[in-house]
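The values are calculated or read from the model by the stated rules, or taken from the named source; none is laboratory data. Just so it is clear, the model here is predicted, and its values are computed rather than measured. Here Cβ is always computed from backbone atoms with ideal geometry, including for glycine, and neighbour counts include all displayed protein chains. Heads up: the accessible areas ignore ligands, DNA and RNA and are worked out on the full protein's heavy atoms, side chains in. Shrake-Rupley method; radii C 1.70, N 1.55, O 1.52, S 1.80 Å.
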Amino acid sequence: MQNENTPAGVLAILIEEHTELTLADVSGACAVDIASIVALVDEGVLEPSGSELRQWRFSGAHLRRATAAL
């Protein structure tokens, strides 16, 4: 939602702690390629649920951690 205090072209979306995000969601929100998020998982920075890449699910906390790490 935009008001007079929001710069044009800026969109903010609240991510709840229990929101489930896919690998594509996290990489898109961080504006990086999927390989960058996979690298964070490989390094132990992120620990998604799911045993395979396509099954990985991340939380809002994961998104904050990924943003800080990148």
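Okay, here's what the table says:
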| read-out | value |
| --- | --- |
| Hits in the stretch 8-45 (condition: assigned to a loop (DSSP other than H, G, I, E, B), at pLDDT 90 or above and within 13 Å of the chain's Cα centre (by Cα)) | Thr22, Ala31, Val32, Asp33, Val45 |
| Selection count, the stretch 46-70, where residues are in contact (Cβ under 8 Å) with a residue 12 or more places away in the chain and either in a helix (DSSP H, G or I) or surrounded by 18 or more Cβ atoms within 10 Å (Cβ to Cβ) (or both) | 15 |
| Enumeration of residues in the stretch 35-45 that are at negative phi and open to solvent by less than 80 Å² (accessible area, probe 1.4 Å) | Ala35, Ser36, Ile37, Val38, Ala39, Leu40, Val41, Val45 |
